[in-house]
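This report refers to the structure that appears directly beneath it.
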Amino acid sequence: ANTEHFTLNFTITNLMFTTDLQTPNSRKFRSTEKIMKHYIDPLLQESSIGPHFSGCRVTGFRSGRRRDDTKVDAVCSYKDNSSLARFDREKLYQELSTMTNNVTKLGHYSLDRNSLYVDG
């Protein structure tokens, strides 16, 4: 089985962006990355790719349009093998949308409804 990757992007509307979130080895980056993994990984494990899912890595946080917006960029991995149906990013998007209450909630974070992006 090959390891395949896809990107996952979304915007949190109640996490104020600070410049230390841009620094991958800062304490703030690492703690926020852990929190994101705590919320993202279980969703993907419950999705249609769940049995093949191997984890996400936050690649960056960016400033959003408003003061309290933080954009989250992640790269996620899954094992691709012949028994797995072709990666269906639209299906995964729909599942994640449903699991996040129509892209409004991720744990105690609020999401920008129009910000979820899944790219295979």
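Evaluation of Ser48 against the conditions (1) small (Gly, Ala, Ser); (2) open to solvent by 30 Å² or more (accessible area, probe 1.4 Å); (3) within 17 Å of Asp112 (Cβ to Cβ) shows that the sole unmet condition is (3). If the condition is being open to solvent by 60 Å² or more (accessible area, probe 1.4 Å) and farther than 13 Å from Val72 by Cβ, then region 21-33 contributes Thr23, Pro24, Asn25, Arg27, Lys28, Arg30.
Total residues in region 69-97 satisfying the condition of being surrounded by fewer than 14 Cβ atoms within 10 Å (Cβ to Cβ), assigned to a loop (DSSP other than H, G, I, E, B) and at pLDDT 90 or above: the figure is 0. Residues that are in a helix (DSSP H, G or I), among the hydroxyl-bearing types (Ser, Thr, Tyr) and without any contact (Cβ under 8 Å) to a residue 12 or more places away in the chain were ranked within region 1-47; the one that is nearest to Asn101 (Cα to Cα) is Ser31. Can you find a residue that is within 19 Å of Leu96 (Cα to Cα), surrounded by 16 or more Cβ atoms within 10 Å (Cβ to Cβ) and in contact (Cβ under 8 Å) with a residue 60 or more places away in the chain anywhere in region 51-68? Looking for residues that are within 19 Å of Leu96 (Cα to Cα), surrounded by 16 or more Cβ atoms within 10 Å (Cβ to Cβ) and in contact (Cβ under 8 Å) with a residue 60 or more places away in the chain, one finds none in region 51-68, hence no.
The values are calculated or read from the model by the stated rules, or taken from the named source; none is laboratory data. The structure displayed is predicted, hence computed values, not measured ones. Here Cβ is always computed from backbone atoms with ideal geometry, including for glycine, and neighbour counts include all displayed protein chains. In case anyone asks, the SASA skips ligands and DNA or RNA and just uses the protein heavy atoms, side chains included. Shrake-Rupley method; radii C 1.70, N 1.55, O 1.52, S 1.80 Å.
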